[in-house]
Amino acid sequence: MRKIKASIFFSSFTLLVLTALVGCKATEESSVNKHLVDSPQAYNDVIKNAKAGDTIVLANGTWNDFEIVFTGKGTKLKPITLTAETKGKVILSGNSNLRLAGEYLVVSGLVFKDGFTPSSEVISFRRNKEDLAFHSRVTEVVIDNYSNPDRFESDYWVGIYGKYNRFDHNHLVGKRNKGVTVAVRLTTEDSQENHHRIDHNYFGPRPMFGSNGGETLRIGTSHHSLTNSFTVVENNYFDRCNGEVEIVSVKSGKNRIANNTFFESRGTLTLRHGNGNVIENNVFFGNGVDHTGGIRVINRDQVIRNNYLEGLTGYRFGSGLTVMNGVPNSPINRYHQVANATIEGNTLINVEHVHLAAGSDAERSAAPIDSRVSNNLIFNENNQAPFSVFDDISGIEFSGNVSNKLNKNKIKSGISEQNLELIRAENGLLYPTKSLNNVGITRDIQPIQKNQTGPSWYNKTEPEVAFASGKTTVVSASGNALYQAIEAAQSGDVLVLEDGTYSIEKIIKLSKTLSIKAKNKHKVFIDFGRSTLFEINNGGSLSIDGVLVSGSNSADYSGNTFVRTAKWGMYKNYRFAMKNSVIKDLNVNHSFHFFNSGSRAFAQSIDIANNVFENITGDIFRLNKEMDDLGIYNAEYVNITNNTFTNVEGTLVNLYRGGSDESTFGPHLLLENNVVNNVGNGKRNKTKSALMLHGVQVTNIHRNTFTDSALINVEHTVGEPVTSITNNKLSKSSKPKVVELRVDGPHTAEIKNNNIR
Ligand code: CA
C-alpha cells in the first residue's frame, strides 16, 4: 500500500523527495489524503480508518472475487471517495460486488464485468438491513453483462436504499438474468421519502427476457406503494431496454420522471402503483419497432405532461398511452382506479394505439374518474384514429386537443381535426408548421442524447453480432475442412461451401454467430454421424442457406435431431435461420427431429423460408420445454414462410407458454404460404396435431395449404392473445380448433376465408 498526500500520483521515489521538500502543515491540510491500494487486504486496512476527505484508489488491473464493503462518514464538503487509479481500468470480475453504508460516500470509475454477484445485488446502497447509505453517490460506474449464468436466479444490479443518494453517469448493459436492473427499495422507513436522484445514466440494451422480472428500473414495490418516494429520474437514455412489458415500473408516490429518452424500447413506463407522480418532458422514439410503447397510467393524481411519443406500435397494456380500469376497493397489489389524472400538452405522432379504460373485465370494473386529457397533439400519417375504448370514459374530459384528419375516431368531442403539416425542428422533434397555442409539447424541450449519458470513457457497443457481418471464407469438401473452418471462424463470419459432400462425424458446438452458405444452391450435401449436427450454445447463432441435408447416415438412435440448443440452462438468447435448403430422410429411427430446444433456452428469432422438409419421423420445431407454467417460453418470434413439409410424423411447431403472468409480448408465430402434406399423423405424435400452440400471444396462419394433415390446435390462455387463421386451404385435414382456457365465452380468434374440404 502506498499513501500519497497529493492530488496526483508520483512514484514512491518522487514522493519521498516531495514529502521532504514540502512537508508544511498548511499544504497537508488543504491536500486530499489518497491511498492507493492493490489488494483487498490493503483496501480493508485503509477503509477501517478512513476519514472525511480521504480517497481510496484501487490500482489498475483485474480484481477477482472482491466483495467491497465501503463504509465511513464523510461530510458534504469532504466526502470519502472510492475510485479507480484510471477510470475504466479497474475491473471487478468473478464474484465481486460493492456495498456502501454511511454518509457522504462517493464511488466512481469502476467496471464490473466477466462474472456476477454472489449476493442479491451487484451494487447495494446498504451494508445490511440496518446500515444504509445516505447522501452518497455512485457515478461513472459500469456494469457490463455481469449476469448470473442461471437465467432464473434472480438478482438486482443496483439496489438503492437510504436517502438523498445519487446514481448518475453510469453505464448498465446486458442484464440477462431475472431481476430488475436498478431498484429503488422502500423497504424500511429509513428508505422512504428518499429524494434520490437517478440521472444521466446509459441504460444499454437489455435482451428480451421472456418472462416477468426483466424491468430496467423499478421504484418501490406494491407493498410500500402508498408511501412517497420523491425519487427523481431525469436525463437518462434507455436504449432498447427490451426485458419485458415494463421498462420503468413506478410503484410508489411523488416521483418525478423527466427528460429521459426511450429509444426503440419494447414496453412502457408504467405507473403501476403509488399516487401523485409527474411524468414530463420525456421522449419516446419507437421507430416502428414491434411492441414499442409509451406511458401506462394507473392510480390517483398522476400528471403526464409535455411528453413526446413517436413511431410507437404497441397495443393493449403496451400502447403509446394506456389509461387502465381499476379494481373497486382494490387490494394493494392489484389495480387502483385512475382518478384525477392530468394528461396534457403531449405530442403523439404515429402512435398506433391509445387504449382507454384498458383491462376492463369483471374484476377491473372501475373506470377512470375526474380526469382530463387536454391540449395534446395527435397526428397519424395513415389517418387512423389510435383510440380504443373498453369501458365508460365519461370520467375523462377531453378538451383543447388537436389532431389531423382521423378515421373512425371514437372520441367525439374535445379533439379538433385540422389540416396539419409537420416539420422536424432542430431538437429532432416534429412540430406543426402552423402555430397551435399551447397544444402539444413546448419548443424548449431538449431530448437527452446517448452521448450525454454514461461515462465518456466506456464505449456503447452493439449488443449482438449480425449474421454475415464478418469475413467470408470458402471451404472445400475435403476431409475435416468444414469442421476446422467452423472452429477457426470469428463471430459474424460466412463460410461458403464448394460443391460436394460434407460428412461430419462430430457434434458442432456453436458459441458464435455463424452463416453457412452453399456456393451453388443444392450442390452441397451434408450428412452427420452423431445424434445431432449443430448444438447452439451460449453466444451461438446459426444461419444456413442452400444446402441439402440427409439423416440417412446418422446414428440409429431414437430422438436424433439436426439442430438443438444446449440441453439446459442457456443464458444468452440466440437466433436461428435457414433458407433455400432441403432436409430429407430424418428417419433412421423414430422421433428424429429437425430442431429441439433445451429448457431455459430462448430464441430471439427463428426464421425459416423457402425450404423443403421430407420424410421426418419426429417434430420440426420442439419449443415446448418450459412446462412449469411460470410464464416462460422458448422462442419470441417463429417465422415460417414459403416452405414445403411432406411426410412429417410429428408436429410442425409445438410452442408452449404456460402460466398466468402477463409480462411478455411473445411468443409470436407466423406461418405463411407453406405447403403441408401428411404432417402430424404419426402414432407417436402425442399432440395429435400439425400445430400445437399453447399460450402463444400472436399467431398468424395465412395462405397455407394443408393436405392429409392433423389438427391446427390453438389454446388461448392469458393476455388477450391475437390469433388470425385466414385464407388457408385445408383438404382431408381437420378444421382449426381454438379454445379459451382462461376466460369464459367463445374464442376470440379470427378464422375466415379458409377453404375447408
Ligand atoms: Ca414486471
- Message: I'd like to know if the range 551-563 contains one or more residues that are within 23 Å of Asn639 (Cβ to Cβ), out of contact with any Phe, Trp or Tyr (no Cβ under 9 Å at 6 or more places or on another chain) and either assigned to a strand (DSSP E or B) or open to solvent by less than 50 Å² (accessible area, probe 1.4 Å) (or both).
- Response: no
- Message: Can you tell me which residue is nearest to Gly314 (Cα to Cα) among those in the range 675-695 that are buried (at least 23 other Cβ atoms within 10 Å of the Cβ) and in contact (Cβ under 8 Å) with a residue 60 or more places away in the chain?
- Response: Gly695
- Message: Please count how many residues of the range 336-353 are farther than 30 Å from Leu422 by Cα, open to solvent by less than 10 Å² (accessible area, probe 1.4 Å) and part of a loop (DSSP other than H, G, I, E, B).
- Response: 1
- Provide a single number: the residues in the range 601-610 that are surrounded by fewer than 24 Cβ atoms within 10 Å (Cβ to Cβ) and either charged (D, E, K, R) or assigned to a loop (DSSP other than H, G, I, E, B) (or both). 2
- Message: Quick check on my filter: what residues within the range 231-249 are part of a loop (DSSP other than H, G, I, E, B), within 15 Å of the ligand (Cβ to nearest atom) and open to solvent by 10 Å² or more (accessible area, probe 1.4 Å)?
- Response: Asn242, Val245
- Task: For the range 263-277, state whether one or more residues are surrounded by 24 or more Cβ atoms within 10 Å (Cβ to Cβ) and aromatic (Phe, Trp, Tyr).
- Result: no
- Query: Where in the range 696-757 are there strands (runs of 3 or more DSSP E), lying fully within it, with 1 or more residues that are surrounded by fewer than 18 Cβ atoms within 10 Å (Cβ to Cβ) and basic (Lys, Arg)?
  - Reply: 729-731, 737-740, 750-752
- Those residues that are buried (at least 18 other Cβ atoms within 10 Å of the Cβ), away from the ligand (no atom under 16 Å from the Cβ) and either part of a loop (DSSP other than H, G, I, E, B) or β-branched (Val, Ile, Thr) (or both), I need them from the range 658-674; list them, please. Gly658, Pro667, Asn674
- Message: Need a quick list: strands (runs of 3 or more DSSP E) entirely within the range 250-299 having at least 3 residues that are under 21 Å from Val373 (Cα atoms).
- Response: 256-258, 267-273, 278-280, 292-297
- Item | Top-ranked residue of the range 188-230 - restricted to ones that are small (Gly, Ala, Ser) and part of a loop (DSSP other than H, G, I, E, B), ranked as farthest from the ligand (Cβ to nearest atom) | Gly204
- Item | Members of the range 596-622 found to be over 20 Å from the mean Cα position of the chain (by Cα) and either within 14 Å of Asn573 (Cα to Cα) or modelled with pLDDT under 95 (or both), listed by number | Ser597, Gly598
- Note on the structure: Exactly one of Ile526, Ile536, Ile504 is modelled with pLDDT under 95, in contact with a Leu (Cβ under 9 Å, 6 or more places away or on another chain) and not polar (S, T, N, Q), and that residue is Ile504
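The values are calculated or read from the model by the stated rules, or taken from the named source; none is laboratory data. The structure displayed is predicted, hence computed values, not measured ones. Glycine gets a Cβ as well: all are built from the backbone with ideal geometry, and neighbour counts include every protein chain shown. Surface areas here come from the heavy atoms of the whole protein model, side chains and all, with no ligands, DNA or RNA. Shrake-Rupley method; radii C 1.70, N 1.55, O 1.52, S 1.80 Å.
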